[in-house]
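Visitor: Let me give you the structure first, and then I'll get to my questions.
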Amino acid sequence: FAFISGHAGIGKSFLAYEFGKHVIMSGGIFLAGKFDQLQQGKPFSALASAFNGYCGMLMQSSELQKRREVVASKLRSSLGREVYYLTKIIPCLNDILGSEQSDDSFYD
């Protein structure tokens, strides 16, 4: 997990994606998100941006069904009912977790 910060135009995105190439070649998962100046009122917008890409990747192929199930299972077992609040920050997780996770009453 890493955060890169700095002034505009100094190569932060290039650095991140170069690093990401090595992560992927080593069998890891690379997620990248950007903080958008227009999203200042939304906490965790960069984190949500990164996970939107990951959710999209998991949902685009039926070959990744098993991976989706593993991710959903790990999120549920690690976070329990708190996963509901994570879906409020990262709505695309509802696609991975299934519609029943979008309602906090699911856990009552």
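Visitor: Given the conditions (1) part of a loop (DSSP other than H, G, I, E, B); (2) loosely packed, with under 10 Cβ neighbours inside 10 Å; (3) at pLDDT below 85, report the number of the one that Ala8 does not fulfil.
Guide: It is condition (3) that Ala8 fails.
Visitor: Hey, another quick one. Can you say whether Lys74 is of a type in the set (D, E, K, R), out of contact with any Lys or Arg (no Cβ under 8 Å at 6 or more places or on another chain) and loosely packed, with under 11 Cβ neighbours inside 10 Å, as far as the supplied structure shows?
Guide: Details: of a type in the set (D, E, K, R): yes; out of contact with any Lys or Arg (no Cβ under 8 Å at 6 or more places or on another chain): yes; loosely packed, with under 11 Cβ neighbours inside 10 Å: yes.
For Lys74, the condition - of a type in the set (D, E, K, R), out of contact with any Lys or Arg (no Cβ under 8 Å at 6 or more places or on another chain) and loosely packed, with under 11 Cβ neighbours inside 10 Å - is met.
Visitor: Looking at (1) part of a helix (DSSP H, G or I); (2) on the phi < 0 side of the Ramachandran plot; (3) free of Cβ contacts under 8 Å to residues at least 40 places away in the same chain, which is the only condition Gly80 fails?
Guide: Looking at each condition in turn, Gly80 falls short on (2).
Visitor: Name the pairs whose Cβ atoms lie under 9 Å apart, with the first residue in the stretch 44-64 and more than 17 Å from Phe30 (Cβ to Cβ) and modelled with pLDDT of 85 or more, the second assigned to a helix (DSSP H, G or I) and not hydrophobic (A, V, I, L, M, F, W, C), and 6 or more positions between them or separate chains?
Guide: Met59/Arg68; Met59/Asp95
Here's the yes/no breakdown for (1) assigned to a helix (DSSP H, G or I); (2) among the β-branched types (Val, Ile, Thr); (3) surrounded by 14 or more Cβ atoms within 10 Å (Cβ to Cβ):
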residue: Ser13; (1), (2), (3): yes, no, no
residue: His22; (1), (2), (3): yes, no, no
residue: Phe30; (1), (2), (3): no, no, yes
residue: Tyr54; (1), (2), (3): yes, no, yes
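The values are calculated or read from the model by the stated rules, or taken from the named source; none is laboratory data. The structure displayed is predicted, hence computed values, not measured ones. Here Cβ is always computed from backbone atoms with ideal geometry, including for glycine, and neighbour counts include all displayed protein chains.
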